[in-house]
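Right, one structure below, let's go through it.
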Amino acid sequence: MIDNEKNVNISEHVKCLIIGSGPAGYTAAIYASRANMYPVLYEGLQPGGQLTTTTEVDNFPGYPNGITGTELMEDLKKQAVRFGSDIRFGYATQTDLTSNVHKVQIDGEKWISADSVIIATGATAKYLGIPSEEKFKGFGVSACATCDGFFYRGKVVAVVGGGDTACEEASYLAGLCKKVYVIVRKNYFRASKAMQHRTLNTPNIEVLFEHQTKEITGNQQGVTGVILINANGEDVKLDIDGFFVAIGHVPNSDIFKPFIQMDETGYIQTLAGTTKTNVAGVFACGDVQDKNYRQAITAAGTGCMAALDAERYLGEK
Ligand code: NDP
């Protein structure tokens, strides 16, 4: 089928296209398939999403003994498949959301058209980009205190970053850990005054301004320390058990930019209390539209909302 408007070859038409395979995408698929919307879900570059980079997940309701991030995502996927979701490997590379029938290009090749699109592409945590950080990812290096903080009860950890996320993570960790270092590269915080105040006035938090991370050290068991560089260019060694990176997230929203309203940092804006974007028939759920909560359970909740919103939209169409 040739679409004249953009002159692209449409190889397939679907009722509901879900882009992304974190808790939001899979939950949307579970609800959409049970509502006979025959969803097709493209998993993206990291099937299972951010949770597959963490170890244990202890805060997802329904798992009293915890579950690994990978197992949780496998379970969600199986549940979506059980109701007939068509889950495919591949990622969305371009979109055209100008008309009633939305078009999405997959893997830089084929174009699919869809009556409704659910965007669940998530966000990617920023990392420092040093080799030792990569080496200990999942073994003492984490980008999520609420996911992994529990494993460091009574231990010493460091949080890098000077924004609200770093301060919030440090406060959370201070409630669990013996000591929390906060490593800030400038001589001031970027965080809100209230968060700064809380961080600076928590007895077991020590803030190290004007320090940069040079190397994370460790052994087979995981992280044992970090080497920082202070304002005078000198090395400062700290003994730590965990290293938390909290230098921001990037929403995976680039391919929607020409069509979908976003805030200045690229988070998709939805109509309050719904998952509706500014384009009729296009819905957004999970971390790509949420910079505040960013939890698996909140992502799953908005995934459910997106499927229900899409179902109503298709019903009215
Ligand atoms: P921000 O972009 O606000 O802050 C990132 C921090 O990380 C900055 O201090 C930055 O330093 C530092 N940083 C960036 N790159 C590096 C690096 N390579 N090495 C060392 N430090 C680095 O991100 P956040 O995730 O903190 O917040 C994002 C948004 O979400 C903000 O608008 C925030 O207000 C909001 N938010 C709100 C919350 C709430 O209201 N409860 C909770 C969490 C976030 P520098 O300042 O030098 O650039």
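Around VAL8, which amide H atoms from residues at least 5 apart in sequence, or from another chain, sit under 5 Å from its own amide H, with H modelled in the peptide plane?
ASP3
Just flag the chymotrypsin sites (Phe, Trp or Tyr not before Pro) in the range 100-153 sitting in loop per DSSP whose Cβ has no more than 15 other Cβ atoms within 10 Å.
When the chymotrypsin sites (Phe, Trp or Tyr not before Pro) of the range 100-153 are filtered for loop state and at most 15 Cβ neighbours within 10 Å, TYR127, PHE139 remain.
Only Cα pairs under 8 Å and at least 6 apart count here; give the relative contact order of the range 53-210 as a rounded whole percent.
That works out to 15 percent.
Over the Cα atoms of the chain, what is the Rg over Rh ratio if Rh follows Kirkwood?
Here Rg/Rh amounts to 1.03.
How big, in percent, is the set of alpha carbon pairs in the range 127-245 lying more than 26 Å apart?
10 percent
So what is the relative contact order of the range 127-245, in percent, for Cα pairs below 8 Å that sit 6 or more residues apart?
It rounds to 30 percent for the range 127-245.
How long are the semi-axes of the equivalent ellipsoid of the range 6-164, taking √(5λ) for every eigenvalue λ of the Cα gyration tensor, in whole Å from largest down?
Equivalent ellipsoid semi-axes, largest first: 34, 20, 12 Å.
If amide H atoms are built 1.01 Å from N in the plane of the peptide, which residues on other chains or at least 5 residues away come under 5 Å of the amide H of ILE87?
Amide H neighbours of ILE87: LEU41.
Name the lysines eligible as straight-distance cross-link partners of LYS155: C-alpha to C-alpha under 16 Å, and not fewer than 8 places from it in the same chain.
Candidates past the 8-residue exclusion: LYS178, LYS179.
Net charge near LYS178, counting Lys/Arg +1 and Asp/Glu -1 over other residues with Cβ under 15 Å of its Cβ?
Every neighbour counted, the sum reads 0.
Under a plain spin-label model, where a point goes 7 Å from the Cα along Cα-to-Cβ, how far apart in nm are GLU71 and ASN201?
4.3 nm
Apply the Karplus curve 6.51 cos²θ - 1.76 cosθ + 1.60, θ = phi - 60°, to the phi angles in the range 22-35 and return the couplings in whole Hz, x for Gly and Pro.
So the J values, rounded to whole Hz, are x, x, 5, x, 5, 5, 4, 5, 4, 5, 5, 6, 5, 9.
In deg cm²/dmol and to the nearest 500, what is the mean residue ellipticity at 222 nm of the chain if only DSSP H runs of at least 4 residues count, each as -39500 (n - 2.57), divided by the residue total?
-7000 deg cm²/dmol
Around SER116, which amide H atoms from residues at least 5 apart in sequence, or from another chain, sit under 5 Å from its own amide H, with H modelled in the peptide plane?
Under 5 Å from the amide H of SER116 lie the amide H atoms of CYS16, LEU17, each far enough along the sequence or on another chain.
In whole Hz, what ³J(HN,Hα) sequence does the range 186-203 give by Karplus (6.51, -1.76, 1.60; θ = phi - 60°), x for Gly and Pro?
8, 9, 8, 7, 9, 5, 4, 4, 4, 5, 4, 4, 4, 5, 6, 10, 8, x
May I ask what percent, to the nearest 5, of DSSP beta bridges between residues of the chain are antiparallel?
Here the share of antiparallel DSSP bridges comes out near 45 percent.
As a quick test, which of the pairs LYS103/LYS257; LYS186/LYS237; LYS78/LYS126; LYS126/LYS291; LYS137/LYS214 have an alpha carbon distance above 23 angstrom in this structure?
LYS78/LYS126
Can you work out the Karplus-derived ³J(HN,Hα) for every residue in the range 241-255? Use 6.51 cos²θ - 1.76 cosθ + 1.60 with θ = phi - 60°, whole Hz, and x for glycine or proline.
Values per residue, Gly and Pro as x: 10, x, 10, 10, 9, 9, 10, x, 10, 10, x, 8, 10, 3, 6 Hz.
By the 4.7 Å beta carbon criterion, which cysteine residues of the chain come out unpaired?
So, CYS16, CYS167, CYS177, CYS285, CYS304.
Take the alpha carbon atoms of the range 101-142, find their center, do the same for the range 242-317, and report the distance between the two centers in whole angstrom.
Cα centroid to Cα centroid, the span is 14 Å.
May I ask you to list the chymotrypsin sites (Phe, Trp or Tyr not before Pro) in the range 157-212 that are in a DSSP loop and have at most 12 other Cβ atoms within 10 Å of their Cβ?
Those satisfying the criteria are TYR188.
Based on Cα positions only, what radius of gyration and what Dmax would you give for the range 229-317, in angstroms?
18.9, 66
Read the figures in this text as sums done on the coordinates, not as results from a lab. Please read all numbers here as calculations on a predicted model, not as lab measurements. Every residue, glycine among them, receives a Cβ derived from its backbone with ideal geometry; neighbour counts consider all protein chains shown.
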